[in-house]
Amino acid sequence: MNQNMRQVYDKFKGEKDFLILSHTCDPDNDSVPIMKKYSDSMQVDTKQWVFLTGRKDSLYNMARISYTIDDPANNLTDIKDQFLHTQFWALVDRNGDVRKIYDGLKQREINLLLEDIAKELKR
């Protein structure tokens, strides 16, 4: 999926108000040094594409509640039993509001995202 996201990054890198946040789905294994190594391997400007890790419960709640890219009903009683990996991407505006959700595995949806980002950056 990051190769698909690379299309988005390549089109908008250098734009003043453009930022990609990529959250790990496996924070138990993806430490800060591992995420740094991965971001270095992507050869991107980490001021415009940030690879995040953190507490599992915080990351999963953000995906389910803030970005609405997973159903909160998928929460299991024990956070250790949960695993969340989704192909959905959220377009978030300058105010922090989710504008739309896209399927990052479908080129048609990626193309729509590119159009919508261009519109948002003109606002």
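The values are calculated or read from the model by the stated rules, or taken from the named source; none is laboratory data. Computed from a predicted structure; not experimentally measured. Neighbour counts run over all protein chains shown; Cβ positions are idealised from the backbone, glycine included.
Here are the numbers for this structure:
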read-out	value
Unique residue being in a helix (DSSP H, G or I), at pLDDT below 85 and more than 15 Å from the chain's Cα centre (by Cα) when the list is Lys80, Lys36	Lys80
Those residues of the range 6-30 which are over 12 Å from Val50 (Cα atoms) and outside any loop (DSSP other than H, G, I, E, B), in sequence order	Arg6, Gln7, Val8, Asp10, Lys11, Phe12
Filter result for His85 (in contact with a Cys (Cβ under 6 Å, 6 or more places away or on another chain) and at pLDDT below 90)	yes
Cβ-Cβ under 8 Å pairs, at least 6 apart or on other chains, the range 104-115 side closer than 15 Å to Asp10 by Cα and surrounded by 12 or more Cβ atoms within 10 Å (Cβ to Cβ), far side at pLDDT 95 or above and of a type in the set (Lys, Arg)	Leu114/Lys11
One residue from Tyr67, Tyr9 being closer than 26 Å to Gln107 by Cβ, surrounded by 12 or more Cβ atoms within 10 Å (Cβ to Cβ) and at pLDDT below 90	Tyr67
Residue match in the range 53-61 (condition: at pLDDT 80 or above, surrounded by 16 or more Cβ atoms within 10 Å (Cβ to Cβ) and over 29 Å from Arg123 (Cα atoms))	yes
